[in-house]
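Okay, so here's the structure we're looking at.
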Amino acid sequence: MQMPAPNPAVLAKKPQLVTRLLQVLPRDAVIDDIAETRAYECDALTAYRCPPLVAVLPSSTAEVSAVLRICHDMGVPVVPRGSGTSLAGGALPTADCVILGVARMSQVLETDYPNRLIRVQSGRTNLSVTGAVEQDGFFYAPDPSSQLACAIAGNIAMNSGGAHCLKYGVTTNNLLGVTMVQMDGTIVEIGGGYMDAGGLDLLGVICGSEGQLGVVTEATLRILPKPEGARPVLVGFDSNEVAGECVSDIIKAGVLPVAIEFMDRPCIRATEAFAKAGYPDCEALLIIEVEGSEAEIDDQLARIIAIAQRHNPVELRESKSAEESARIWLGRKSAFGAMGQINDYMCLDGTIPVSQLPYVLRRIGEMSQQYGLGVGNVFHAGDGNMHPLILFDANKPGDLELCEAFGADILRLCVEVGGCLTGEHGVGIEKRDLMVDQFSQTDMEAQMAVKDVFDAKWLLNPAKVFPLDTSAARRVAAA
Amino acid sequence: MKAMMPESEVELARMVAEAEGPLRIVGGGTRAVGCCDGAVLSVAGLSGIDLYEPGALTLVARAGTPVAEIEVALAKEGQRLAFEVPDMRGLLGRSGASTIGGVVAANASGPRRVQGGACRDFLLGVRFVDGAGQVVTNGGRVMKNVTGYDLVKLMAGAHGTLGVLSEVSFKVLPVPERALTLACDGLDTGDAVAAMSAALGAPFDVTGAAYRGGLTYVRLEGFAESVAYRAGALAAALSRFGDWAEVAAPWAGIRDVAGFHDQAGDVWRVSVKPSDAPGVIAQAGAEDAMMDWGGGLIWLRMAAGTDLRARLGDLQGHATLVRGAPDTVARLGAFHPEPAAVAALTRGLRARFDPRNILNRGLMA
């Protein structure tokens with residue numbers, strides 16, 4: 001993975017840049033000391049690191065606007081950063097960039113229950129949005145696994161999902177409006193408390209644009225009434241095919257679970273050794289959760305169990321209490337940590353049509369043999385969003401590259417069967433060079449045309465999403 | 001002049017590339033608002049369902065496929081387009097068969113939008129021909145996809161001004177076992193919105209909330225026993241507003257604005273924060289009004305030629321002139337004017353996607 005060489009002209013401007021930034025920000029909001037900028041050298045894709053030129057931590061939309069106006073004026077690239085939990089390198093700096101962190105902007109601006117919305121500053125963490133409304137019986141639905149730490153700004157940039165989006169949708173389906181600052185400092189309000197766009201759906205294209213169109217500083221989010229209750233059932237099968245068929249049959253039957261999670265044998269074994277959740281030793285395991293009143297949950301679980309039983313499960317465990325539910329979820333929630341105990345791992349997130357599940361799992365198994373790297377699969381089966389975890393040894397020369405090659409092959413396979421490179425993590429730098437496997441040049445030109453309109457000088461997060469040679473002409477023109 | 005009617009995406013791309021003047025894009029011609037000049041380019045020849053996987057809840061169809069054909073195919077498997085496609089023929093006095101591409105171009109969404117989402121929320125992928133005649137693909141056929149920018153959303157509701165849709169893919173949903181509607185009589189608009197907000201804020205999965213002719217309606221859907229349970233619980237939760245009784249489903253009429261069919265006057269569609277709805281209705285001085293989406297969507301029938309936007313002043317939302325005499329539409333514009341910064345972005349996008357300004361020229365401007 002390559003990043004463009006830092007622009008020496010920009011590096012040389014550091015003193016002037018810092019002087020100008022200090023005119024619009026307090027001293028403690030401008031981080032220019034080389035040792036301190038290291039705190040921003042990477043996000044959760046830790047294999048790649050590079051300290052930024054400067055990091056800034058503005059406290060208001062006006063400050064963000066002032067910073068961007070200066071950077072625009074001086075031709076300095078800006079990489080926006082939420083909480084730095086991106087698995088795709090979305091917040092990875094370049095040596096010649098300003099990291100613009102929104103962490104100090106974490107206020108709740110308005111809660112409005114009659115209209116079922118909350119307005120927050122974008123540095124607020126995902127879970128604390130729910131935290132602000134749960135005492136009144138509401139919640140914010142998108143629930144990425146990093147929800148304790150990740151910021152709404154990053155959720156919007158990556159259009160984050162989570163385990164429960166089968167029922168509630170992802171960020172874009174729960175976002176009503178934003179206050180966004182464009183690279184030239186222009187503040188723009190898009191959407192608000194109403195449900196649809198009056199003109200073009202700009203909000204729809206801003207969400208998921210990986211911080212390349214603007215810096216979102218405030219967001220209006222849809223909140224939902226908390227369900228009366230939720231309980232899962234765990235079902236084990238002796239083949240991936242059968243588990244896949246069971247998922248399909250549940251969906252066809254009209255039951256709409258909030259989550260259908262799938263784990264394969266390598267992942268089950270690793271998890272069991274780590275968390276001792278009491279999972280059966282089987283080929284494939286499903287955790288299916290439904291919501292509603294006690295009676296409704298009983299009814300839906302009964303329907304699911306009846307379907308599952310037609311597929312001869314080797315294990316079937318229905319939760320009857322909060323404690324049993326926690327036990328069923330324990331293994332799933334520990335899966336990443338468990339794999340991490342075995343070795344370093346890389347987490348992919350390609351999506352496939354649900355019908356291709358058995359074929360794709362078989363092919364991943366074969367490739368695992370060829371590459372000599374272990375892989376465990378844990379994923380959101382209801383919507384086909386896979387999470388293969390490839391094990392490698394970061395200290396072994398060449399292993400990371402081998403792992404990346406294996407990962408790229410898996411993602412190409414996802415595209416080949418009708419799916420896509422990334423279901424919820426984003427492209428970032430991690431899948432940037434694979435974009436050509438999913439899109440034609442014309443397709444990418446259409447996407448880049450959007451960036452041309454929002455950020456004509458290509459200064460916002462410029463080296464991400466599009467392969468470097470594809471975006472080269474635009475980035476060179478900007479420099 | 002005879003309409004151009006390509007039968008393949010390749011032919012469509014060639015026709016757009018070779019166009020020497022503005023084009024007016026039509027599907028079934030049943031729901032377009034506003035007006036624009038140009039040679040008619042009909043997408044109705046691009047027809048047919050390309051893929052339907054009930055077990056994956058996925059359907060891919062060419063843009064000119066009649067909605068009716070899709071609905072029949074889905075019904076055979078007990079599924080449906082969950083966003084309740086409005087039928088605008090009665091309101092607009094049109095005939096013909098609505099196409100799925102037209103539905104997407106208008107982001108046409110019915111009462112279930114308030115809970116389940118709009119057309120754009122179920123749209124998984126698009127193929128379209130841009131103003132230069134190039135075929136662009138975005139999104140796909142899987143439910144979770146954040147690969148590259150989401151042009152799918154941008155195309156939904158662009159009314160053909162950024163590209164001519166050639167193929168669309170959707171997430172579809174099962175038809176629930178039972179639907180039940182509760183109604184409460186005699187609430188004024190303020191209490192109606194308060195009741196609908198209370199209903200939508202309760203954990204009972206209300207999938208419709210509308211107000212028409214003094215009646216406030218809420219809908220529940222799902223398995224029969226669950227619906228029965230929730231109906232009881234909801235009626236109890238809303239008892240402070242009055243008595244709630246089961247009534248026949250009014251939803252097709254609400255979806256299609258049936259109450260305004262064959263009634264004189266202009267028809268406006270106003271999108272606001274639900275709690276602003278009673279004030280907007282009072283300010284509008286309409287001949288007739290109804291609310292959907294819990295108050296978030298207001299339909300107004302106004303005396304012909306009224307400038308509703310001027311009456312509403314600084315509206316937090318937008319008002320679309322859906323039906324009016326050509327000179328009224330020309331004078332007021334069908335679409336709500338945008339703030340300068342948003343308008344600049346919109347203009348920029350149009351210039352990039354349709355550099356010759358030939359696709360439904362001026363329609364949304």
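Karplus-derived 3J(HN,Hα) values for segment A:372-381, using 6.51 cos²θ - 1.76 cosθ + 1.60 with θ = phi - 60°, are x, 10, x, 8, x, 10, 9, 6, 7, 6 Hz; glycine and proline are entered as x.
By a straight-distance test (C-alpha under 15 Å), which aspartates and glutamates pair with A:Lys396 as possible cross-link partners, with residues fewer than eight away in the same chain excluded? Once the sequence-local aspartates and glutamates are set aside, what remains near A:Lys396 is A:Asp344, A:Glu404. In this label model, A:Glu416 and B:Gln316 are separated by 5.3 nm, measuring between points 7 Å along each Cα→Cβ vector.
Which of the trypsin sites (Lys or Arg not before Pro) found in segment B:1-97 are loop residues per DSSP with 12 or fewer other Cβ atoms within 10 Å of their Cβ?
Details: sites: B:Lys2, B:Arg14, B:Arg24, B:Arg31, B:Arg62, B:Lys76, B:Arg80, B:Arg89, B:Arg94; in loops: B:Lys2, B:Arg31, B:Arg94.
Hits after loop and neighbour filter: B:Lys2.
Rounded to the nearest 500, the 222 nm mean residue ellipticity of chain A from helices alone is -11500 deg cm²/dmol, with -39,500 (n - 2.57) taken per DSSP H run of at least 4 residues. Averaged over residues, the count of other Cβ atoms within 10 Å places the peptides A:430-442, B:149-161, A:414-426 in the sequence B:149-161, A:414-426, A:430-442, highest first.
Placing unit charges on the Cβ atoms of the charged side chains and taking the dipole of chain A about its Cα centre, the candidate lying farthest along the positive direction among A:Gly154, A:Gln182, A:Met195 is A:Gln182. Toward the positive end of the charge dipole of segment A:230-416, about the Cα centre and with charges on Cβ (Lys, Arg +1; Asp, Glu -1), which of A:Pro388, A:Ile305, A:Gly254 goes farthest? Result: A:Ile305, furthest along the dipole toward the positive end. Pairs exceeding 31 Å between alpha-carbon atoms, taken from B:Lys144/B:Lys273; A:Lys13/A:Lys464; A:Lys14/A:Lys464; A:Lys451/B:Lys144; A:Lys226/A:Lys333; A:Lys276/A:Lys431: A:Lys276/A:Lys431.
Taking the centroid of alpha carbons for each part, segment A:191-258 and segment B:220-238 are 24 Å apart. Here is the size of segment A:1-98 from its Cα atoms: Rg then Dmax, 12.8, 37 Å. Among residues other than A:Val30 with Cβ under 14 Å from its Cβ, the summed charge is -1 (Lys and Arg +1, Asp and Glu -1). In plain terms, the chain from B:Glu71 to B:Ala303 could stretch by 79.9 nm, reckoned as 0.36 nm per residue minus the Cα-Cα distance. Could you please state, rounded to a whole Å, how far the C-alpha centre of segment B:141-191 is from the C-alpha centre of segment A:421-479? Between the Cα centre of segment B:141-191 and that of segment A:421-479, the gap is 28 Å.
When shorter helices are ignored and each DSSP H run of at least 4 residues is given -39500 (n - 2.57), the per-residue value for chain B at 222 nm works out to -8000 deg cm²/dmol. Think of segment A:408-479 as a dipole: +1 on every Lys or Arg Cβ, -1 on every Asp or Glu Cβ, centred on the Cα centre; then among A:Val417, A:Val427, A:Val476, A:Val476 lies furthest on the positive end.
Report, as an integer, the average count of C-beta atoms from other chains found within 10 Å of each Cβ along B:340-351.
Numbers: counts 2, 7, 9, 1, 4, 14, 4, 1, 6, 9, 2, 3.
For this peptide, the per-residue mean of nearby foreign Cβ atoms is 5.
If I take R0 = 41 Å and measure r between the Cβ atoms of B:Ala3 and B:Val175 in this structure, what FRET efficiency does the formula 1/(1 + (r/R0)^6) give, to the nearest 0.05? The partial results should precede the final answer.
Numbers: r = 35 Å, r/R0 = 0.86.
Approximately 0.70, to the nearest 0.05.
A Förster distance of 35 Å, applied to the separation of the beta-carbon atoms of A:Ala306 and A:Ala62, puts the FRET efficiency at 0.05. Label positions at A:Lys226 and A:Arg27, each projected 7 Å from the Cα along the C-beta direction, are separated by 4.5 nm. Here the protein assembly as shown is assigned +1 on the Cβ of each Lys and Arg and -1 on the Cβ of each Asp and Glu. Its dipole about the Cα centre then comes out at about 1420 debye. For chain A, the relative contact order is 14 percent, taking Cα pairs closer than 8 Å that sit 6 or more residues apart in sequence and dividing their mean separation by the residue count.
Select from segment A:248-321 those trypsin sites (Lys or Arg not before Pro) which occupy a DSSP coil region and have at most 13 other Cβ atoms within 10 Å, ordered by residue number. Each step should come with its number before you reach the end.
Details: sites: A:Lys252, A:Arg269, A:Lys276, A:Arg303, A:Arg310, A:Arg317, A:Lys320; in loops: A:Lys276, A:Arg310, A:Lys320.
Passing both the DSSP loop test and the Cβ count: A:Lys276, A:Arg310, A:Lys320.
For the pair B:Glu18 and B:Arg347, label points projected 7 Å from Cα toward Cβ lie 3.4 nm apart. When peptides A:350-357, B:305-312, B:346-353, B:115-122 are sorted by average Cβ neighbour count within 10 Å, with the highest value leading, the order is A:350-357, B:115-122, B:346-353, B:305-312.
Think of each Lys and Arg Cβ as +1 and each Asp and Glu Cβ as -1; about the Cα centre, that makes the dipole of segment A:230-416 roughly 160 debye. Legend: mean number of C-beta atoms from other chains within 10 angstrom of residue C-beta atoms, peptide B:126-133, equals 1.
In the neighborhood of B:Phe353, defined by Cβ-to-Cβ distances under 12 Å, what is the net charge if each Lys or Arg adds +1 and each Asp or Glu adds -1? Walk me through the numbers on the way to the answer.
Working: positive: B:Arg347, B:Arg350, B:Arg352, B:Arg356; negative: A:Glu445, A:Asp452, B:Asp130, B:Asp354.
Once positives and negatives cancel, what remains is 0.
Hey, with R₀ at 22 Å, roughly what FRET efficiency would A:Ala326 and A:Asp136 work out to, going by the Cβ-Cβ distance, to 0.05? Don't skip to the answer; put the middle values down first.
Details: r = 24 Å, r/R0 = 1.11.
Given R0 = 22 Å and the Cβ-Cβ separation, E is 0.35.
Taking a sphere under 10 Å around the Cβ of A:Arg363 and counting the other residues whose Cβ falls inside, with K and R at +1 and D and E at -1, yields a net charge of -2. Helix A:322-342 and the long axis of chain A differ in direction by around 60°, with both axes built from C-alpha atoms. Note on chain A: with charges restricted to the Cβ of Lys and Arg (+1) and Asp and Glu (-1), its dipole about the Cα centre is near 920 debye. Mean partner shielding of peptide B:199-207, defined as the number of other chain Cβ atoms within 10 Å of each residue Cβ, is 5.
Values quoted throughout were computed directly from the atomic coordinates according to the rules given, and no laboratory measurement underlies them. Keep in mind it's a predicted model, so treat the numbers as computed, not measured. Note that we place each Cβ from the backbone using ideal geometry, even for glycine, and neighbour counts take in every protein chain shown.
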